[in-house]
Amino acid sequence: MISLQHLHKTFSGASGAVRALDDVSIEVAERQIFGVVGQSGAGKSTLIRTVNLLERPDSGTVAVDGRDLLGLDAQGLRAARHDIGMVFQQFNLLQGRTARGNVELALEIAGVDRVERRRRAGEILDLVGLSSRADSYPAQLSGGQKQRVGIARALASNPKVLLSDEATSALDPETMRSILELIRTIRDELGLTVLLITHEMDVIKRICDSAALLESGRIVEQGRLADVITTPGSRLAADLFPLHDLPPDVSGTVVDITFSGGSADRPVIAQLARTHGFDVSILGAAIETIAGKQAGRTRLEIPGSGTAVDAAIADLRSQDLLVEVIHTPSRAAS
Amino acid sequence: MIDYSAPDFWPILIQNVLQGLVQTLYMTGVALLVTIVIGLPLGILLVGTERRSFLERIGGSRGLSATINRILNFVVNLGRSVPFIILMIALIPFTRLVIGTFIGTTAAIVPLSVVAIPFFARMVEIAVREIDPGLIEAADSLGATRWQLVSKVLVPETAGALLLGLSTTVTSIINFSAMVGVVGGGGLGQVAYSYGYQRYSTAYIVVVIIVIFVIVMVVQILAGWAARRLAHRIPSTKSRTPLVAPPT
């Protein structure tokens, strides 16, 4: 649905040229929620703005719903933008219009007549759960309510794609969750395709089907979350399971075991102790719901090293568990 | 010298001041209308045609916008820097062309408008510059035309600041309209000049000052009130949501 190919963008700033996008390619399938995560300054904002050409790339292609946006004239681009809704971190609502008025703005711009505007605005405010505040001005609404208006405005012209530019970053955690829930609900009900950018892994974890990690304008890693978490050495997976750094005094072999789907409730530790006779200690663990499924990662320390430990690891791997060896004791110590 | 004790002194004064007031309001009102019609688009263009602004590519050309921007800035600076009394004289041929004469109240509207347009354009420029760039981005994301952006977003969202700028402009037009009076343009300025100065009547000066002061005050208060009404930024206590949700 969204296809970005080989995007390059360089800004010439006061302190020299800044490479905001460096050969970025992303494919977002229909009805998917795709998250791009990265530090501030990684190029996320530039990336999401190329999708509706608020920012024009220096080179590369941008296609939404099979339509090449860079080839469109001004009028064609405006029409294409009616099919691409966008929500913003700071909501960007008109202070002089009510919630309903802000939603109707989108419809006025799209050339919808007065009666239909009124009907559609009511309908969409109802969908985002804000019918009771339709006549309130933004100054009278909470952050979460403002973002609901922002979402309603973005959805008013029946777009196929929703772009979310840090939509939950200005909100408290509880409100963030309710807004993310809302985005997932509208994806399910309206069959939208969602591209979002965020600096919070929690957002990726909660609603995304796929994710990409952006660093200094480059995509470091991307894929479906279900695949990412079972990919050895995945940076995204490491960020999804926040395990602490190794303590300095570990003496044995340290392994990270990732459980996903069916293996999540397997008695691995008991098995290691019983079958292989190891007294394992747990250094850390994280259980997360990722892409709607339970998944977890446990960091274990197995005393010693050598063939017995290798056999135990091989045994775990044969059970379809992702086992990554994080630390092996040096020869001198063993 | 005017005889204060003459029985018809005050009735004549009131009649003269009223006539001057009507002329001043007429000059100011028409000049203000002209100023809005020309100054508002001018101010918006001044901001919009800047680099990386919302009209940076008029007709798809960045060069055209840059050229328009330079020309407008030059014209506005020129208009702002020429002293009004000189501007008035310099405009005589133009005034004669537009109105047919350069003497009288109607003719005075031309220099008044010419001096007020760049003044108001700068006020509009300041107001539009203050707008949150996020609003322009949001309108762009909705596929707004430039006209929709200006008419549905920029002007309504800056209406409060525009009104305050307009009230400052009105004050300045009234100010200049008094100068017009000295050279035969009529209005309160002429009343003060020909009775107060040339015929040494302090009463005329005092009354004219009071009337002008009242006009300016009324304009400022009305504009301030309307700007607050338009802002919608201060939620009224009645409709504010309670901090604690009622038990369900």
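The values are calculated or read from the model by the stated rules, or taken from the named source; none is laboratory data. Keep in mind that what you see is a predicted model, and the values were worked out from it rather than measured. Quick reminder, even Gly has a Cβ in these numbers, built from the backbone with ideal geometry, and neighbours come from all protein chains shown. Remember, those area values only see protein heavy atoms, side chains included, never the ligands or the DNA or RNA. Shrake-Rupley method; radii C 1.70, N 1.55, O 1.52, S 1.80 Å.
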(request) Quick one: compute the contact order of the stretch A:86-169, relative version, from alpha carbon pairs under 8 angstrom and 6+ residues apart, as a percent. (result) 52
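Carbon and sulfur together cover what percent of the accessible area of chain A at a 1.4 Å probe radius? Kindly include the intermediate steps, with their values, before the conclusion.
Values: 6710 of 14550 Å².
Carbon-and-sulfur percentage of accessible area, whole number: 46.
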(message) Roughly how far apart, in whole Å, are the Cα centres of the stretch B:190-232 and the stretch B:111-184?
(response) 23
(message) Viscosity 1.002 mPa s, temperature 20 °C: give me the Stokes-Einstein translational D for chain A in µm²/s, with Rh taken as the Kirkwood radius over C-alpha pairs.
(response) 97
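Please say if chain B is rounded, prolate or oblate, where rounded means a/c under 1.5 for a ≥ b ≥ c the square roots of the C-alpha gyration tensor eigenvalues, and otherwise the choice is prolate for a/b larger than b/c and oblate otherwise?
Working: a/c = 3.71, a/b = 1.51, b/c = 2.46.
Verdict is oblate for chain B.
Would you mind calculating the relative contact order of chain A from Cα pairs under 8 angstrom and at least 6 residues apart, reporting the percent as a whole number? Before the final figure, lay out each step's value.
Working: 629 pairs, mean separation 60.5, N = 334.
Averaging sequence separation for qualifying contacts and normalising by length gives 18 percent for chain A.
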(request) Could you tell me how many degrees, from 0 to 90 and to the nearest 10, lie between the Cα long axis of helix A:173-190 and the main elongation axis, the longest principal axis, of the Cα atoms of chain A? (result) 70
(request) Extending each Cα 7 Å along its Cβ direction at A:Asn158 and B:Arg52, get the distance between those two points in nm, one decimal. (result) 3.8
(request) Please report, in debye to the nearest 20, how large the charge dipole of the stretch A:2-228 is about its Cα centre when each Lys and Arg carries +1 at its beta carbon and each Asp and Glu carries -1 there. (result) 600
(request) Positive end of the charge dipole of the protein assembly as shown (Lys, Arg +1 and Asp, Glu -1 on Cβ, about the Cα centre): tell me which of A:Thr168, A:Ala121, A:Ser178 has its Cα farthest that way. (result) A:Ala121
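Using protein heavy atoms only (no ligands, DNA or RNA), what is the total accessible area buried between A and B, 1.4 Å probe, nearest 100 Å²? Walk me through the intermediate numbers first.
Numbers: alone 15600 and 14580 Å², together 27960 Å².
Accessible area lost upon association: around 2200 Å².
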(request) Return the whole-Å distance between the Cα centroid of the stretch A:51-111 and the Cα centroid of the stretch A:218-277. (result) 41
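Nothing charged except the Cβ atoms of Lys and Arg (+1) and of Asp and Glu (-1): what's the magnitude of the dipole of the protein assembly as shown about its Cα centre? Round to the nearest 20 debye.
Values: 53 positive and 52 negative charges, 404 e Å.
Here the protein assembly as shown has a charge dipole of around 1940 debye.
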(message) Kirkwood Rh and Cα-based Rg: tell me the resulting Rg over Rh for the stretch A:244-333, rounded to two decimals.
(response) 0.97
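In debye, nearest 20, what is the charge dipole magnitude of chain B about its Cα centre with +1 on Lys and Arg Cβ and -1 on Asp and Glu Cβ, if you could check? Don't skip to the end; give the middle numbers.
On the way: 17 positive and 10 negative charges, 113 e Å.
That gives chain B a dipole magnitude of about 540 debye.
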(request) Kindly report, to the nearest 10 Å², the accessible surface of B:Ile99 as traced by a 1.4 Å probe over protein heavy atoms only. (result) 70
(request) Please work out the average accessible area per residue across chain A, using the 1.4 Å probe convention, and give it in Å². (result) 44
(request) Kindly point out which whole DSSP H helices in chain B project their C-alpha atoms 15 angstrom or further along the helix axis while averaging a Kyte-Doolittle hydropathy of 0.5 or above. (result) B:9-48, B:105-129, B:159-182, B:202-231
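Over the whole of A:85-95, what's the average partner chain Cβ count within 10 Å per residue? Rounded to a whole number, please.
Numbers: counts 2, 5, 2, 5, 1, 5, 2, 9, 4, 9, 9.
Across A:85-95, the average partner-chain Cβ count within 10 Å equals 5.
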(message) Tell me the volume per residue, in Å³, of the convex hull enclosing the alpha carbons of the stretch B:12-89.
(response) 111
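Once every DSSP H run of n ≥ 4 in chain B is given -39500 (n - 2.57) and the sum is divided by its residues, what mean residue ellipticity at 222 nm do you get, rounded to the nearest 500 deg cm²/dmol?
Working: 9 runs with 167 residues, N = 248.
It comes out at -23000 deg cm²/dmol, rounded to the nearest 500.
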(request) Could you list the residues of the stretch B:26-54 with an amide nitrogen less than 17 Å from a label point located 7 Å from the Cα of B:Leu64 in the Cα-to-C-beta direction? (result) B:45-46, B:48-54
(request) Please go through the residue pairs A:Lys160/A:Lys293; A:Lys9/A:Lys44; A:Lys44/A:Lys205; A:Lys205/A:Lys293 and name each one whose alpha carbons sit more than 21 Å apart in this structure. (result) A:Lys160/A:Lys293
(message) Placing +1 on the Cβ of each Lys and Arg and -1 on the Cβ of each Asp and Glu in the protein assembly as shown, which of B:Asn175, A:Phe11, B:Ala159 has its Cα farthest towards the positive end of the resulting dipole?
(response) B:Asn175
(request) Kindly rank A:235-246, A:87-98 from highest to lowest mean number of other beta carbons found within 10 Å of each residue. (result) A:87-98, A:235-246
